[in-house]
């Protein structure tokens with residue numbers, strides 16, 4: 001749900017107080033409560049990203065992250081699922097080494113499981129993770 005609030009805040013601060021915002025937020029809430037993402041498909045790209053991220057965060061289902069078009073938002077979705085559901089496998093789906101490393105570090109920070117440091121592609125950063 002953290003992603004939902006961050007994206008909503010970003011949307012509001014950017015000046016987009018769209019008339020359909022409350023309607024979209026109600027749809028997202030209903031989608032999460034019923035575990036049915038059909039409503040996400042009817043929204044614009046920004047709110048669709050929020051919706052799919054909320055669904056992934058709620059259910060732990062990475063398929064929802066895959067539906068997000070923007071790569072950085074997709075990586076954020078995977079990171080959220082990895083940390084909230086303590087599922088380091090989600091980090092493996094992230095394309096860039098930097099974002100993957102961040103994801104793994106978040107999982108290690110939350111779980112204390114340093115064996116996950118071995119997922120970090122950069123050897124120097126991996127050693128730093130293991131020594132913390």
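The values are calculated or read from the model by the stated rules, or taken from the named source; none is laboratory data. These figures come from a predicted structure and were not determined experimentally. Cβ: placed from backbone, ideal geometry, glycine included. Neighbour counts: every protein chain shown.
Before moving on, here are some points about what is shown:
- For the stretch 111-132, filtered to residues that are under 22 Å from residue 72 (Cα atoms) and exposed (fewer than 14 other Cβ atoms within 10 Å of the Cβ), the residue that is modelled with the highest pLDDT is 122.
- When 43, 47 are screened for being surrounded by 22 or more Cβ atoms within 10 Å (Cβ to Cβ), more than 21 Å from residue 131 (Cα to Cα) and modelled with pLDDT under 95, only 47 passes.
- When the stretch 71-87 is filtered for residues that are surrounded by 21 or more Cβ atoms within 10 Å (Cβ to Cβ) and free of Cβ contacts under 8 Å to residues at least 60 places away in the same chain, the ones remaining, listed by number, are 74, 75, 78, 79, 81, 82, 83.
Quick grid of which residues meet (1) within 21 Å of residue 84 (Cα to Cα); (2) within 18 Å of the chain's Cα centre (by Cα):
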residue	(1), (2)
25	no, yes
30	yes, no
41	no, yes
54	yes, yes
61	yes, yes
65	yes, yes
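- Among (1) surrounded by 11 or more Cβ atoms within 10 Å (Cβ to Cβ); (2) in a helix (DSSP H, G or I) - the single one residue 61 does not satisfy: (2)
- Search result, residues across the stretch 93-108 that are loosely packed, with under 14 Cβ neighbours inside 10 Å and closer than 20 Å to residue 53 by Cβ: 95, 96, 98
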